[in-house]
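Scroll down for the structure; my scribbles are underneath it.
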Amino acid sequence: MGFKREMRTILSGLGLIAIAACQPVVPDSGAGVGFDNYEQYQRQREAQLAGQAASLPPAAAVSSEPLDASGQGQILPGTSIEEADSAAAVAADTRAALNAANSNSGQAPIEASPSNPAPVAVNNVGISNENDFGAVGEQRSIAADKALIEQNKANYTQVQPEALPSRTDTGPNIVAFALQTSHGVGQQLYRRTNLPGADGRYQRACASYPSPDLAQTEFLKTGGPERDRKGVDPDGDGYACSWDPRPFRKAAGG
């Protein structure tokens, strides 16, 4: 009986061990699914999707040592030759851009730092010196301004009014003629004999004058408005070549 009881106990223990071995092992999710943390897993997953190497060096492995004069530095552990060449090319391009900017502006590049002094403004557009009291005070004094005012007064010349010159041209005055008349344009007052071809003669005669005012002056000088020697007033209103007396009347208040 004792032997059978021992065998039963041994078989029961072996059965429990077999059942425990068949159960799946649950991973510890707190460890970051096989990585130090989930952020590291996410970075590695994105690197795999982008076709990059699955193993990336940690941030602490990046050296702070600057590049040498050739633009080359030490290849960090876990960094391929292609990546090192790419970094060297970027550094060379950056250095060339800084050199180009330095040669164009004439100003050395400023390293970003809170301790840097404020940059000097180039071509600062501000108020002029004439409106800047500080600048004016440095250039002139009250005594100098007083002397300048006295000098300007001494150079000031007042022109005395003189009598208007008398009119020497005794020819016809179209302004006086316009104010002496009151009839409208096109209203016939004077007799005209319009022979065949009068319209063509009128066009040619009026085209020879630079303006209607000069045509009216010549018209009055040669016997107008009663006589029209050159055919410039075929309708007999006394106004040659579309000359209009109304602006003169309006200016005089008529």
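Any read-out appearing in this document is the output of simple, stated calculations on the displayed coordinates, not a laboratory observation. Here the structure is a predicted model, which is why all the values come from computation and not from measurement. Note: ideal-geometry Cβ built from the backbone for every residue, glycine included; neighbour counts use all protein chains shown.
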Kindly provide the pair-distance distribution of segment 124-254 built from C-alpha pairs, with 5 Å bins from 0 and whole-percent values in order of increasing distance.
2, 9, 13, 14, 10, 6, 4, 3, 3, 4, 5, 7, 7, 6, 4, 2, 1, 0
Tell me, what ³J(HN,Hα) does each residue in segment 138-144 have, in order and in whole Hz, if you take phi through Karplus 6.51 cos²θ - 1.76 cosθ + 1.60 with θ = phi - 60° and put x for Gly and Pro?
6, 8, 10, 10, 5, 5, 5
Peptide ranges 216-222, 171-177, 191-197 listed from the most packed, as the mean C-beta count within 10 angstrom indicates:
216-222, 171-177, 191-197
Net charge dipole size for segment 195-234 [Lys, Arg +1 and Asp, Glu -1 on Cβ; Debye, nearest 20]
180
Can you give me the Kirkwood hydrodynamic radius for segment 174-251, using every pair of distinct Cα atoms, in Å to one decimal?
12.5
